[in-house]
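For reference, the structure is listed below as structure tokens.
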Amino acid sequence: MGSKYTERYTAESKGDAIALVGSTGRTVAEVAREVGVSPESLRGWYKQAKTDRGEGRPGELSTAEREELKRLRRLAAEQAKTIEVLRKAAVFFAKESDR
């Protein structure tokens, strides 16, 4: 249930649109109008595709690197929760053993 402005596009349809920009010499806005996506979306897809091919600016993350970063952030959050539970348990049991 996304907004009425959000559609999901397949990897194939994104790839086709990106290829049209790269191979035809037409602008992102022209291709976006032709394929029925927003120019901002296509511009982002095109920029990410260039980065994934190693043609991005220094420091830009590839799709694989972005996915790995998200995975590691989730893992770090889970570990932080586990550490907090263990810390609270240690405090509880320390108090219990003092009785």
Extension length gain for residue 9 and residue 67 (0.36 nm per residue less Cα distance), in nm, is 19.0 nm
Note down the nm distance, to one decimal, between modelled labels 7 Å out along Cα→Cβ at residue 90 and at residue 47.
4.4
Report, in debye and to the nearest 20, how large the dipole of the stretch 45-91 comes out about its Cα centre when Lys and Arg carry +1 and Asp and Glu carry -1 on their Cβ.
180
With only Lys, Arg, Asp and Glu charged, each at its Cβ (+1 for the first two, -1 for the last two), find how big the charge dipole of the chain is about the Cα centre; round to the nearest 20 debye.
380
Virtual spin-label span in nm between residue 81 and residue 30, 7 Å along Cα→Cβ:
5.0
So which GluC sites (Glu not before Pro) in the stretch 46-99 pass both tests, a DSSP loop state and at most 12 other Cβ atoms within 10 Å of the Cβ?
55
Relative to the first principal axis of the alpha-carbon coordinates of the chain, what is the inclination of helix 39-52, with its axis defined by its Cα atoms, in degrees from 0 to 90 and to the nearest 10?
70
With the dipole of the chain worked out from charges on the C-beta (+1 for Lys and Arg, -1 for Asp and Glu) around the Cα centre, which of 89, 77, 42 lies farthest toward the positive end?
89
Counting only C-alpha contacts under 8 Å and six or more residues apart, can you give the relative contact order of the chain as a whole percent?
14
Cα-based helix-to-principal-axis angle, 63-98 vs the chain, degrees rounded to 10:
10
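Every read-out reported here was derived from the displayed coordinates using simple, explicitly stated rules and does not represent laboratory data. Nothing here was measured: the structure is a model prediction, and the numbers come from that model. With ideal geometry, Cβ positions are generated from the backbone for all residues, glycine too; neighbour counts draw on all protein chains shown.
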